[in-house]
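So the structure is just underneath, and the comments pick up after that.
The values are calculated or read from the model by the stated rules, or taken from the named source; none is laboratory data. Keep in mind the model is a prediction, meaning the values are calculated, not measured. So basically every Cβ, Gly included, is an ideal-geometry build from the backbone, and we count neighbours across all protein chains shown.
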Amino acid sequence: MPSSLLEEFDSWLSKAELPNRSLAIRHLVQDYISSNQWHYGKGQACGSITLLYDHHRNDLSAALTTLQHDFGDLILCTTHVHMSHEICLECIIVKGDVDKLKELEEALRRTKGIVSVNAGITALVN
């Protein structure tokens, strides 16, 4: 590894308050594996899918309920919060096959009335 890269890495380590390179490298490898599993649709993963939507939109609540029932094998729980009179935030905690989690995310993105969908998914790696 070039010394300039190692110096930059050590500087990042110091700012991140990680105790050693080994732990930092373990985190980086985990992130890399998770990213690739998500990208290529392989393996098991868990995480959250966060939605923002206008709850005044006709039939959106029914559409969300139907989707959540259709993907019930992946959904562990949901949390619903009113951000304003119009906008709701919903956090869906998920676990399952990456390809099925991607199907759920894509189905949510196609649902009219949802303002944003943000998936924070981590691969289950031993």
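For region 1-104, which helices (runs of 4 or more DSSP H) that fit wholly inside it have 2 or more residues that are closer than 23 Å to Gly120 by Cα and among the aliphatic types (A, V, I, L, M)?
Hits in region 1-104: 21-40, 60-70.
Those residues that are modelled with pLDDT of 85 or more and among the small types (Gly, Ala, Ser), I need them from region 17-35; list them, please.
Scanning region 17-35 gives Ser22, Ala24.
For region 1-59, which residues satisfy the criterion of being of a type in the set (Ser, Thr, Tyr) and either exposed (fewer than 12 other Cβ atoms within 10 Å of the Cβ) or not assigned by TED's automatic domain parsing to the domain that holds Asp73 (or both)?
Once the filter is applied, which keeps residues that are of a type in the set (Ser, Thr, Tyr) and either exposed (fewer than 12 other Cβ atoms within 10 Å of the Cβ) or not assigned by TED's automatic domain parsing to the domain that holds Asp73 (or both), region 1-59 yields Ser3, Ser4, Ser11, Ser14, Ser22, Tyr32, Ser34, Ser35, Tyr40.
Tally up the residues in region 68-86 that are more than 17 Å from the chain's Cα centre (by Cα), surrounded by 13 or more Cβ atoms within 10 Å (Cβ to Cβ) and either within 16 Å of Ser116 (Cβ to Cβ) or touching a residue at least 40 places away in the same chain (Cβ under 8 Å) (or both), please.
0
Determine the pairs where a residue that is at positive phi, located within region 46-58, has a partner that is surrounded by fewer than 18 Cβ atoms within 10 Å (Cβ to Cβ) and not β-branched (Val, Ile, Thr) with Cβ atoms under 7 Å apart, the partner being 6 or more residues away or on another chain.
Sorted first by the residue in region 46-58, then by its partner, the pairs are Gly47/Gly120.
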